[in-house]
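*Asks:* Before we start, here is the structure in question, set down as structure tokens.
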Amino acid sequence: MPELNLVLLGPPGSGKGTQGERLNADLHLPYYATGDILRGAVRDETELGKTAKQYMDNGELVPDEVIVGVIAERIDSEEAAEGFILDGFPRTTPQAEALDAKLAELGRKVTSVLLIDVTDDEVVRRLGGRRTCEAEGHVYHVEFNPPKVAGICDIDGSPLVVRDDDKPDVIRKRLSTYHEKTEPLVAYYEGTGVLTRVDGVRPPDEVTAELREVLAGISA
Ligand code: AP5
Ligand code: MG
């Protein structure tokens, strides 16, 4: 199979994590979710975590120079030689340019960008009921995707928690940050011909089926 350098794009709550977990199980490629990496750093109280926390809690983006190095290091690693799945990166035009530059240095490029399209109202509806596994960030919803046992992750048995940034005022701020800083990437990747838009306001299995079809088309 040709190398697959994949980006999942979409607003907060569009299902990047939900779909990323499933594609990861299909594709066996390293899955780099910057939100999960940053939450891990906050939990471990590393320098990265101390810097990131204030931005995350306010629904703002951490500075480009902080996150670009984190991802560049992972992409330039043995495990990512056959490809990778990015969730939550890039999120600004400078980040997209930095990703292109890093890949060009390695003689590679972004193969596909999957935009999971959802409305702001749907985001607000979803994030109120989200529960996230403390250990690995596995994603659930109390109504739309409940765990088998309330409050416990099906996959690793760790407790499910409400994310610090899933409060109504922070959700609104995250949405406005998305529209201002990240949405321009839709045009950026349309310009390079790698973007596919998928309707995300459908049951998770339907979204997964369409993403799989798109990816089958790419690797055919
Ligand atoms: P991050 O963790 O990436 O948050 P986000 O982009 O706001 O996205 P979410 O994780 O909230 O949503 P998702 O699309 O993964 O949806 P999910 O699958 O969980 O980033 C957090 C913060 O870190 C940022 O605000 C920023 O501060 C910082 N950061 C991260 N990356 C950065 C970067 N590159 N640069 C700078 N700063 C960065 O689904 C949501 C809910 O809906 C779940 O409950 C799920 O079960 C449910 N659901 C999913 N699909 C469906 C469906 N089809 N129907 C019904 N319910 C569904
Ligand atoms: Mg996520």
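*Asks:* May I ask you to order 80-88, 7-15 by the average number of other C-beta atoms within 10 Å around their residues, highest value first?
*Replies:* Values: 80-88: 20.7, 7-15: 25.0.
Output ranking for 80-88, 7-15: 7-15, 80-88.
*Asks:* At R0 = 41 Å, how high is the FRET efficiency between Ala101 and Glu143 if r is their beta carbon distance? Nearest 0.05 is fine. Walk me through the numbers before you get to the answer.
*Replies:* On the way: r = 42 Å, r/R0 = 1.03.
Approximately 0.45, to the nearest 0.05.
*Asks:* May I ask which of Lys148/Lys181; Lys50/Lys181; Lys109/Lys173; Lys53/Lys181; Lys102/Lys181 have a Cα-Cα span longer than 30 Å here? Present the calculation step by step, with values, prior to reporting the outcome.
*Replies:* Numbers: Lys148/Lys181 37 Å; Lys50/Lys181 23 Å; Lys109/Lys173 32 Å; Lys53/Lys181 19 Å; Lys102/Lys181 21 Å.
With Cα atoms farther than 30 Å apart: Lys148/Lys181; Lys109/Lys173.
*Asks:* Right, another one. Quick check on segment 1-113: what does the Kirkwood estimate of hydrodynamic radius come out to from the alpha carbon pairs, in Å? Intermediate results must be reported in sequence, preceding the final value.
*Replies:* Working: mean 1/r = 0.0690 Å⁻¹.
In segment 1-113 this quantity evaluates to 14.5 Å.
*Asks:* Moving on to the next point. For the chain, report the translational diffusion coefficient in µm²/s to the nearest whole number, using Stokes-Einstein at 10 °C, 1.306 mPa s, and a Kirkwood Rh over Cα pairs.
*Replies:* Values: Rh = 17.7 Å.
The Stokes-Einstein estimate is 90 µm²/s.
*Asks:* If I compute solvent accessible area with a 1.4 Å probe over the protein chains, what percent of it on the chain is carbon and sulfur?
*Replies:* Working: 5520 of 10750 Å².
Carbon with sulfur: 51 percent of the solvent-accessible area.
*Asks:* Roughly how many Å is it from the Cα centre of segment 25-54 to that of segment 92-160, as a whole number?
*Replies:* So the separation of the two Cα centres works out to 12 Å.
*Asks:* Per the Debye formula with a single identical scatterer at each Cα and no solvent contribution, what log10 I(q)/I(0) holds for segment 107-219 at q = 0.22, 0.23 Å⁻¹?
*Replies:* -1.25, -1.26
*Asks:* Using label points projected 7 Å from each Cα along Cα→Cβ, tell me how many nm separate Glu78 and Thr192, to one decimal.
*Replies:* 2.8 nm
The values are calculated or read from the model by the stated rules, or taken from the named source; none is laboratory data. Fair warning: this is a prediction, and the values are worked out from it, not measured in the lab. Note that we place each Cβ from the backbone using ideal geometry, even for glycine, and neighbour counts take in every protein chain shown. The accessibility values were calculated without ligands, DNA or RNA, using every heavy atom of the protein model including side chains. Shrake-Rupley method; radii C 1.70, N 1.55, O 1.52, S 1.80 Å.
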